[in-house]
1. Which aspartates and glutamates, on any chain, are close to Lys448 with Cα under 18 Å apart, when same-chain ones fewer than 8 places away are left out?
2. Which one, Ser187, Thr231, Thr132, is farthest towards the positive end of the dipole of the range 95-244 when Lys and Arg carry +1 and Asp and Glu -1 on their Cβ?
3. What distance in nm separates the simple spin-label points at Asn173 and Lys261, each placed 7 Å from Cα in the Cβ direction?
4. Stretch Gln244-Val368 to full length: gain in nm at 0.36 nm per residue minus the Cα-Cα span?
5. Quick one: Cα convex hull volume of the range 137-276, Å³ per residue?
6. What FRET efficiency do you get for Asp253 and Asp423 if R0 is 60 Å and r is their Cβ-Cβ distance, rounded to the nearest 0.05?
7. Cut-off is 10 Å between beta-carbons; in what order do Val380, Val190 appear when sorted fewest neighbours first?
8. Which listed residue (Ala88, Ile55, Val66) has the Cα farthest towards the positive end of the charge dipole for the range 43-96, taking +1 on Lys and Arg C-beta and -1 on Asp and Glu C-beta about the Cα centre?
Amino acid sequence: MKYKILLFVYFSILSTKLWAVHYEYITFDKEILRIKNANFYVEQVIDARESQMYIGCAPRNGRADVVLTLPKPFATDLQRLFNQSCPAAEGLTPITIKINHLFVYENLTNGRVGAVELNLSFITHNDQQQYTELFNAATNYLSKGHDASRDQRNILNAVEQCVEQYQRRTNINQLNNTPLTTEQLNSNSVLLTKYKCLSDTDFAAGLYPNFIDFRDNLPISNPNYTIDYRTDFKDNSTFAYLMQKNSNKKIEDVWGFSDGKNVFINLGNRYVPMKKENNNFVFFNKVYLPNNDDIMVAGILFGLVGTLVATAVDANNTSTVKFQLDLVSGTPLNISDNKPKQIQSSFLLYCSKYSNTDEPFDVYLDDVKLCALQSGNYFVSTVGFKNQPSNLCLKYKDREVCKVLEPNPFERIVYLCRFGSKDKLVMDKLNIQMQKSVMTDIKEGRIKKTCE
């Protein structure tokens, strides 16, 4: 018996471009770590990230945007680079470095800007193999212009910043010294509960040169600045400038500051106040809202609006947005679009109401059943990619059709799934016009959502 069945598979990847995914492979064969006067050597590097291969995305002028990919284990490369830069020697502290988080993205708003989010733990152990996290380093390394696309170097610059943080805290005797279980040693979770910015109620006046100084509530006292408070009369919001004392020159190279009552975060050309809320810090700022997908490939896409677009570049196309801090890296996150920092794709399956069978179709992703889809309904879900593409399959009785889903945060694809010759399930790619027809039916409520 031949069934008249139409199934649509829709991959919503936040863009209308139709091109194949491109990969840009990042290697460190010709790079070095520039670490001076190291008081440690690295005996082991542990990569605890869930996704160790796909680390971000970036726009590329004149050709398709790319998924940034590590073809070789980052832990192996990092171990080799540390061995070259600070080899083992008597008197140095043996350290295990754990990679908790790495995400790379670029942005074209108001000039090309690149960012590397990195979180590293510096860990030691005693003879009984009891582990202690000496320090948790975190950075959101920014680069501009031509350097924004130098991803290899920018990643290592972020590593060097984390090492500088650790060495500075060692020198001033301000290490965390947090005991770790074996499970925590190999877990990708970061121990956020220990951060003093969340537990403390008092914040002494001073400057926060970087995020971790705020995170650990360790302001630097500096008498050579004044605070110029301002009010934006369009919405009565408060902001401030940091000024050098006895000068009209602004201080723009610190992460934030405390005036003893409130804490402020640097958003490019001004500082805005933050308040504690739901075990985090939130703040408001005006941001540029581009009309073109190309401008914000890796900004709004991953909820990473903040340091890259916090300063409005078009006063006629702005919105006041609520942000919170990503305490893993210090990056501002748009609360209304707070998506995981992982290359992921959304997909939607639609089974035509004209099917003449009442039996459901089973949807599988990487051999895990997601849904039993009835005719006249649609199912939507997302897949996050770790170290390889995923496999999406549709099964009906003894028939099966599968598609390989590659990491592709730039493309919108619709497949028509149907019974072909000899009742074989087939997936055909649809053109843009047919895609719009499918989505119109969904938008106007002619198709019911299921398997939520």
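Nothing in this text is a laboratory measurement; each read-out follows from the coordinates by a stated rule. Just so we're clear, the structure is a prediction, and the values are computed from it rather than from any experiment. Every residue, glycine as well, gets a Cβ built from its backbone with ideal geometry; the counts of neighbours run over all protein chains shown.
1. Qualifying aspartates and glutamates at Cα under 18 Å: Asp358, Glu359, Asp362.
2. Thr231
3. Distance between the two pseudo-spin positions: 3.5 nm.
4. Numbers: separation 124, 0.36 × 124 = 44.64 nm, distance 5.96 nm.
Here the answer is 38.7 nm.
5. Numbers: hull volume 23.4 nm³, N = 140.
With only Cα atoms used, the range 137-276 gives 167 Å³ per residue.
6. Details: r = 67 Å, r/R0 = 1.12.
Result of the calculation: an efficiency of 0.35.
7. On the way: Val380 17, Val190 21.
Fewest-to-most Cβ neighbours within 10 Å comes out as Val380, Val190.
8. Projecting each Cα onto the dipole axis, the largest value belongs to Val66.
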